[in-house]
Structure formats: C-alpha cells, structure tokens
Amino acid sequence: MNYFLTEEQQIIKELSGKIADEKIAPRAAEFDEAEEFPWDLIKILAESDLFAVWVPEEYGGLGGGVFEQCLVVEELSRACAAVAVSYAASALGGFPILLFGTDEQKQKFMPDIASGSKLAAFALTEPDAGSDAGNIRTTATRNEDHYVLNGTKQWITNGGEADIYTVIATMNPEKGPRGMTAFIVEKGTPGFDFGKKEKKMGIRSSSTRELIFKDCKVPACNLLDREGKGFLIAMRTLDRTRPGVAAQAVGIAQGALDKAAEYATTRVQFGKKIGEFQAIEHMLADMATQIEAARSLVYNVAWMIDAGERNISKASAMAKLFASDVAMKVTCDAVQIFGGYGYMRDYPVEKMMRDAKITQIYEGTNQIQRSIIGSAVVKEALRHK
Amino acid sequence: MNLVVLIKQVPDTTDVKIDRNTNTLIREGVSSIVNPFDMYAVEQALQIRDEHGGKITCITMGPPQAETALRETLALGVDETILLSDRAFAGADTLATSYTLAKAISELGEFDLIICGKQAIDGDTAQVGPGIAEHLDIPHVTYVSKVEEIANRHIHVRRMTEEGYDVIASSLPALITVVKEIGEPRMPSIRGTIKARKASITTWTAKDLKINEEMVGLSGSPTQVMRIFAPEIRPGGEIIEGDSPAEKAKNLISRLKESHIL
Ligand SMILES: Cc1cc2nc3c(=O)[nH]c(=O)nc-3n(C[C@H](O)[C@H](O)[C@H](O)COP(=O)(O)OP(=O)(O)OC[C@H]3O[C@@H](n4cnc5c(N)ncnc54)[C@H](O)[C@@H]3O)c2cc1C
C-alpha cells in the first residue's frame with residue numbers, strides 16, 4: 001500500500017525503521033529477559049529527534065501531530081513494543097500539557113519532552129479505579145499557593161524513569177468525574193515517591209510502577225486548566241493517544257508477519273517449504289490483509305485528528321479496538337506458523353505474542369472501547385430519528 | 001578544530017554477486033553505501049567536534065551519484081561536503097586517488113586533522129589514507145582505535161596492533177585512519193536528514209584544483225590489474241591432540257618424523 005506520505009513523514013518513517021532494525025531488534029530479547037528499562041535505546045530515539053515529531057515548533061518540536069507520532073510508534077513496535085510504549089507514554093504524559101497547559105507551562109515542560117531529555121508519564125489508574133476511572137481516590141486539597149496530594153497511582157508506564165507526570169486526583173470524591181483535577185508533578189517533588197515495580201507478561205523492559213503521594217506539595221502553577229477539569233482532560237488526552245496504541249498494535253503485528261513469512265520460506269517439512277502449503281499461505285494472506293486494514297484505519301483516524309476534527313472519540317476507539325484485536329490474532333498465528341519453535345524464547349514471535357496482549361488492555365480495555373463506540377452509534381441513531 | 005573526513009561510496013557487499021566467468025563483481029542493480037569503515041571516520045570526527053568544537057568537511061571522489069553518500073554524512077551532522085567529480089578523475093588507482101584528494105584538501109586551506117576509515121571494503125588496499133599524508137607531507141597514524149587526547153597542537157592516539165595497542169603522539173596537522181573500536185557510529189537525526197536533503201553539494205572538477213593533469217585518473221595510475229581470481233582454498237591445518245603439553249609435543253615430533261620433515 002502507498003499512503004502517499006509527505007517527504008518529512010517518509011524521513012520519519014525511514015529513520016524510525018532504521019533505528020528499529022539496527023539498534024532495537026538486536027537487543028529486544030536481552031532487555032525483555034533482564035526486565036530492564038532500555039535507557040540506551042531511549043537516548044538514541046532522543047538524539048534522532050523522534051520525541052519531537054508531534055510537538056509544535058514553538059515548543060522545540062518538529063511540528064507534526066498524532067500521525068507522525070503513530071508512524072514512529074509503529075516502526076519501533078516492529079522491533080520491540082516495550083521500547084515503543086516507553087516512547088509513546090511520554091506523549092501520553094505530554095499531551096495534557098500541550099492541550100490544556102498555559103503558554104508558560106508549555107514553555108517550561110514541552111521543550112524537554114520534545115528533545116527527549118526528559119520522559120513524561122500519565123497517571124490515572126488506581127487499585128480500585130481502572131475502567132471505572134471516575135472512581136479515583138487520590139486526593140488533592142488546595143492550601144494557599146499549592147495543592148497537597150495524597151494517594152497511590154498504580155501501573156504507571158515510565159513510572160520512576162520519567163521526570164514529568166500528569167497526575168489526575170480528586171478534590172471532591174462525592175462529585176465523581178466532576179470533582180477531578182489534573183496536575184503536573186515533577187520527579188523530586190517532596191512527598192512524591194515510587195513504589196512497586198511490576199513483573200509483567202509482556203512489554204517487560206518498560207517500566208510499570210506505583211506512584212505514591214504523601215502530603216506531596218504541588219505548586220499551584222502546576223494546576224492544569226481549572227479545578228474540576230481532570231476527567232475531561234484525561235478523556236480528551238486518551239482520544240488523541242489511542243491511535244498510538246493502535247499503531248503499536250499494527251507494528252507488533254507487522255513484525256510478527258515479517259518473521260512468519262520469512263520462516264515459511266525456509267522451514268522444510270514433507271520435502272517442501274511450509275509456505276508452499278496452502279494452509280500456511282492462507283494464514284499469511286489473512287494476516288497481511290488484517291494488518292493493512294488496521295493500518296488504513298489508524299492512519300485515517302490520525303489524519304482526521306490532525307486535521308482538527310473535534311468529534312474523535314468513536315473513531316479513535318475503533319482504531320484501538322480493531323488494531324489491537326488484529327495484533328493478538330496475527331501474533332498467535334505467527335507462533336502457529338513457527339510451530340514449536342515459535343513457542344521458544346530463542347525465536348522472536350513468542351515475545352511478540354506476549355507483547356500484543358497489552359494493546360487490548362491499556363488506555364481502556366477493548367470492552368470499554370466497544371462501549372464508547374456503541375454509545376456513539378446509539379446516540380447518532382437517536383439523533384437521526 | 002578543522003576536521004576533514006574522506007569517504008568512499010562502495011557497492012553494498014552484502015548485495016554483491018560474482019560473475020563466475022570473469023571473476024569480477026557484478027555491479028548492476030547493486031545498491032551503494034558509504035564504506036562502513038568510513039562511517040567510523042565520520043563518527044570519530046563528530047566525537048572530536050563534540051568535545052573540542054570546530055568544523056567537519058567531508059570529501060569524496062566519485063561519480064555524480066556519490067553525492068548521496070555525502071548527504072548521509074550531512075544527516076549525521078557534518079558541516080560541509082565536497083564532491084570531486086570529473087571524467088578526468090575516472091579510472092584512478094590509489095596513487096592518483098590520494099594525489100587528487102590531497103590537492104582538494106590543500107584547496108580547502110587550513111586543517112588540523114584528516115580522518116579516514118582503515119580501508120575500503122571494495123578495494124581493501126588501505127593505501128589511500130597514508131598516500132594522502134605523504135602527498136601533503138604530514139605525519140599519519142593508521143589503525144587508530146582511540147583518540148586519547150588532543151592538546152597543544154598534538155594528538156595522542158592508540159594504534160591497534162595484533163597483540164594490543166601502541167600509544168602514539170603526533171604533531172598536528174596529521175592524518176589518522178580509524179578502526180571500528182573507536183565506537184558505534186551514531187544514528188542520523190530527523191532535523192539532520194531534512195537539512196541534508198535540502199543541502200546543495202559543492203562539486204569540484206579538475207579545473208577547480210591546482211593539479212597536474214597527468215597525475216590524475218587513468219593516466220596518473222601506474223597500477224595495472226593483471227588478473228582477478230579467487231584464491232585457492234588451502235586445506236585446513238591439523239590439530240595435534242594429547243593429554244598434556246609434553247604429550248602433544250611428543251606427538252608433534254613423531255608426526256614430523258613420519259612426514260620426513262625431521
Ligand atoms: C502494563 C500496563 C501499563 C499501564 N499503564 C498505565 C499508565 O501509564 N497510566 C494509567 O493511568 N494507567 C495505566 N494502566 C492501567 C490500564 O489503563 C488499566 O489496566 C485498564 O484501563 C483496565 O483497568 P483494570 O485493569 O483495573 O481492569 P478492570 O477495570 O478491573 O476490568 C476488568 C475486566 O472487566 C471489564 N470491564 C470493566 N468495566 C466494564 C464495563 N463497564 N463493561 C464491560 N466490561 C467491563 C474489563 O474490560 C476487563 O475485562 C496500565 C496497565 C497495564 C497493565
């Protein structure tokens with residue numbers, strides 16, 4: 001497929017792909033095994049300007065948008081989804097500042113995010129508030145020129161490694177979503193600490209960690225937008241970043257297809273290359289078709305968002321839902337084509353299958369995506385009555 | 001620091017096939033890359049500039065399409081590039097090539113350090129770097145694995161040897177050729193790549209250099225290729241076994257006696 005990328009988009013895609021193939025792929029298994037944050041690789045991404053692609057030029061970026069960010073995530077994910085999510089989570093933490101921050105806040109935080117000299121993270125989930133994000137219990141209270149945060153966030157990607165955190169807390173639990181407020185919290189703020197580091201099924205070299213707030217004093221100038229806007233900020237942010245999870249899924253799936261197709265041309269059974277068996281050929285055909293359909297959807301949604309369309313929740317959820325289900329299916333099939341070898345850690349598809357699973361869970365499970373899409377469809381039907 | 005890096009565009013050997021009848025490379029359809037050892041030269045120059053500041057000029061001699069090789073170095077952060085391209089330069093051996101490159105460097109003016117890769121993967125001669133230093137009458141050190149220090153118009157380097165390394169100091173200006181131990185070449189950046197695509201590449205022809213036309217290209221090349229052939233594969237050696245060094249020695253002596261060597 002030719003998506004007619006601009007010259008700059010082509011450069012972004014090629015360079016991300018080159019880094020994925022030459023720098024990330026050879027070390028993906030090693031980082032996965034060690035469950036170690038891939039700082040060397042993150043530095044390479046930073047020096048190559050990849051963190052800058054979605055940030056406006058006035059804040060030190062290259063002036064692209066969600067589409068450019070998706071191109072990078074997709075390419076990196078072909079080689080290692082853990083590196084890709086560490087990259088993408090910085091955008092997840094940075095988008096709330098870009099979308100809702102004051103010019104002063106943007107001037108202060110965005111250039112470091114764009115250069116990759118600092119990573120960002122986004123903290124919404126808590127032990128008792130996952131899908132039900134309106135039910136968070138981390139509290140914020142106003143006290144003269146600062147806010148005091150108390151509570152624990154759970155499973156925060158880039159936790160401990162990032163310097164800049166967008167944290168959603170509640171100022172009034174009774175009010176549910178309307179009581180929620182967003183803050184920028186810097187690593188090193190007194191009362192802000194890190195807890196348990198998770199051991200995971202996949203994306204194992206990415207960091208997934210607890211954030212612990214104990215009378216953490218956040219300066220009032222770090223309030224994002226207004227009090228009570230926290231839930232809205234979180235939802236608007238996720239609308240923009242879900243295509244990134246979808247791009248991650250497309251990349252993982254493409255990586256698995258590439259490996260499976262290559263293997264099918266070398267593995268011989270019954271005196272034939274297994275790729276000559278129609279059963280295998282048809283699996284490859286379905287995998288390739290599903291991936292291309294997912295990619296087309298993701299690219300179109302990203303274009304639509306960058307073009308300024310306001311009503312993006314449904315489309316964004318569709319991209320994430322479809323692409324992540326494709327990634328799960330395609331990586332399973334890739335393992336199947338590799339047979340027993342596919343089940344072994346010596347071959348890359350085993351990791352890809354483990355990594356694919358998370359794309360159906362984070363930034364809203366696929367059940368939640370279906371709810372978003374379904375309620376939009378119903379709303380549209382009612383409007384047309 | 002005024003740094004000059006010399007690079008060569010070569011066929012991607014992972015792509016190359018051999019014509020079995022003539023034993024020559026089939027170049028059609030083979031993609032071109034920057035000689036991998038030259039990428040280490042660029043990396044070394046960038047490292048020196050990171051530390052000492054200055055300017056990096058990258059030069060290549062080749063056909064017009066060698067310009068893509070120069071753009072690759074621009075994307076990595078090289079400041080300026082010059083392409084030496086002229087029909088008169090064609091067919092040059094290492095003598096004529098090093099003469100032409102030396103003349104181009106003289107034309108540039110002041111320089112402190114010239115950096116080359118240890119050799120090109122197509123010719124494998126390793127002669128052009130030292131040849132340039134001789135034409136310019138400056139010192140050179142080959143197989144540099146580390147630049148330890150640059151201070152007081154001197155450079156201290158490690159020269160790799162089979163057993164270890166020599167530490168060598170040289171006055172500047174000088175020429176070094178580097179090996180891969182100097183460090184992994186960095187990746188280009190997006191900004192660098194965009195700049196590189198837009199950059200206009202300076203091209204110099206024979207007329208732009210103060211050269212003796214007899215000394216460039218085919219006419220300046222005394223080297224003649226008599227025959228190209230694949231060397232015969234020598235049979236592998238034999239490992240003399242034994243439980244102890246003494247027994248191995250004994251077995252060796254008896255094998256040598258059996259073969260009437262002793
Ligand atoms: C590796 C990893 C990284 C993460 N990174 C971050 C991060 O950086 N920042 C952050 O804030 N969060 C992060 N999360 C949290 C993630 O977004 C949540 O795990 C996710 O939203 C689901 O919440 P939960 O795990 O509590 O599942 P639950 O909400 O408990 O859901 C359990 C099951 O019930 C289903 N379910 C729940 N509610 C409904 C409903 N209304 N209708 C139908 N089905 C329903 C779900 O789909 C799921 O199958 C991360 C999670 C993981 C595993």
Open item on the list: Looking at the range A:142-247, I'd like the Rg to Rh ratio, where Rg is from alpha-carbon atoms and Rh is Kirkwood's inverse mean 1/r.
Closed with: 0.98
TODO: Relative to the longest principal axis of the C-alpha atoms of chain A, give the angle of the C-alpha long axis of helix A:366-384, reported between 0 and 90° and rounded to the nearest 10°.
DONE: 80
TODO: Heads up, I need the accessible area for A:Cys221: 1.4 angstrom probe, whole protein in place, Å², nearest 10.
DONE: 90
Open item on the list: Check which residues have an amide H placed less than 5 Å from A:Gly63's amide H, if you skip close sequence neighbours.
Closed with: A:Val55, A:Glu57
Task: Backbone HN-Hα couplings from phi across the range A:228-236 [Karplus 6.51/-1.76/1.60, Hz, Gly and Pro as x] - done: x, 9, x, 5, 4, 4, 4, 5, 5
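For A:Gly61, what charge total do you get from the other residues with a beta carbon under 12 Å from its beta carbon, if Lys and Arg give +1 and Asp and Glu give -1? Provide the component values of the computation, followed by the final result.
Values: positive: A:Lys106, B:Arg191; negative: A:Asp49, A:Glu57, A:Glu58, A:Glu68, A:Asp112.
Every neighbour counted, the sum reads -3.
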Open item on the list: Which three numbers, in whole Å and largest first, are the semi-axes of the equivalent ellipsoid of chain B derived from its Cα gyration tensor as √(5λ)?
Closed with: 38, 25, 19
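Quick one: order B:Ile105, B:Ile138, B:Ile18 from most to least accessible surface, probe 1.4 Å.
On the way: B:Ile105 0, B:Ile138 25, B:Ile18 70 Å².
Greatest to least solvent exposure: B:Ile18, B:Ile138, B:Ile105.
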- [ ] Measure nothing fancy, just the Cα-based angle from helix A:103-115's long axis to the longest principal axis of chain A, in degrees from 0 to 90, nearest 10.
- [x] 30
Open item on the list: How much of the pair distance distribution for the range B:108-230 lies past 20 Å, counting alpha-carbon pairs only, in percent?
Closed with: 62
Open item on the list: Which one, A:Trp54, A:Ala34, A:Ala79, projects farthest toward the positive side of the charge dipole computed for the range A:7-118 from Cβ point charges (K/R +1, D/E -1)?
Closed with: A:Trp54
Task: Highest-fluctuation residue, A:Phe122, A:Phe213, A:Phe277 considered, GNM on chain A with Cα pairs under 10 Å - done: A:Phe277
Task: Solvent exposure ordering (accessible area, 1.4 Å, most first) of A:Phe51, B:Phe111 - done: B:Phe111, A:Phe51
Task: For the protein assembly as shown, the fraction of alpha-carbon pairs in successive 10 Å shells from zero, as % - done: 3, 13, 19, 20, 17, 14, 8, 4, 1, 0, 0
Open item on the list: What three numbers, in Å, describe the spread of the alpha carbons of the range A:335-377 along their principal axes, ordered from the longest?
Closed with: 44, 18, 9
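Looking at this model, which pairs from A:Lys187/A:Lys217; A:Lys108/A:Lys187; A:Lys196/A:Lys351; A:Lys199/A:Lys351 are more than 19 angstrom apart at the alpha-carbon?
On the way: A:Lys187/A:Lys217 12 Å; A:Lys108/A:Lys187 15 Å; A:Lys196/A:Lys351 23 Å; A:Lys199/A:Lys351 15 Å.
Distance filter (> 19 Å) returns A:Lys196/A:Lys351.
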Open item on the list: Antiparallel versus total DSSP beta bridges in the protein assembly as shown: what percent is that, nearest 5?
Closed with: 60
Task: Positive dipole terminus of the protein assembly as shown, leading residue within A:Asn366, B:Gly236, B:Thr60 (C-beta point charges) - done: A:Asn366
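From largest to smallest, what semi-axes in whole angstrom does the range A:231-380 give when each is the square root of 5 times an eigenvalue of its alpha carbon gyration tensor?
Working: eigenvalues 233, 41, 27 Å².
Here the semi-axes work out to 34, 14, 12 Å.
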Open item on the list: Can you give the log10 of the normalised intensity I(q)/I(0) at q = 0.12 Å⁻¹, computed with Debye over equal Cα scatterers of chain A?
Closed with: -0.89
TODO: Pick out, from B:His135, B:His154, B:Phe37, the residue whose Cα sits farthest towards the positive end of the charge dipole of chain B, with +1 on the Cβ of Lys and Arg and -1 on the Cβ of Asp and Glu.
DONE: B:Phe37
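Can you work out the accessible area per residue across the range A:231-380, with the rest of the protein chains kept in place, probe 1.4 Å, in square angstrom? Provide the component values of the computation, followed by the final result.
Details: 6800 Å² over 150 residues.
For the range A:231-380, the per-residue accessible area is 45 Å².
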Task: Rounded accessible area of B:Leu218 (nearest 10 Å², 1.4 Å probe) - done: 130
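What dipole magnitude, in Debye to the nearest 20, does the range A:265-385 give about its Cα centre under +1 on Lys/Arg Cβ and -1 on Asp/Glu Cβ?
Details: 16 positive and 13 negative charges, 74 e Å.
For this selection, approximately 360 debye.
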Open item on the list: Taking every alpha carbon pair in the range A:7-118, what does the distance histogram look like in 10 angstrom bins from 0, in percent?
Closed with: 15, 49, 28, 8, 0
Open item on the list: Taking θ = phi - 60°, what integer Hz values does the Karplus form 6.51 cos²θ - 1.76 cosθ + 1.60 yield along the range A:199-215, in sequence order, with x for Gly and Pro?
Closed with: 9, 10, 5, x, 5, 6, 8, 6, 9, 10, 9, 7, 10, 10, 10, 10, 6
TODO: With everything on Cα atoms, drop me the angle between helix A:81-100 and the longest principal axis of chain A, reported from 0 to 90° to the nearest 10.
DONE: 30
Task: Antiparallel DSSP beta bridges within chain B, percent to nearest 5 - done: 45
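The values are calculated or read from the model by the stated rules, or taken from the named source; none is laboratory data. Being a predicted model, the structure only gives us computed values, none of them experimental. So basically every Cβ, Gly included, is an ideal-geometry build from the backbone, and we count neighbours across all protein chains shown. Note: areas computed on protein heavy atoms with side chains; ligands, DNA, RNA excluded. Shrake-Rupley method; radii C 1.70, N 1.55, O 1.52, S 1.80 Å.
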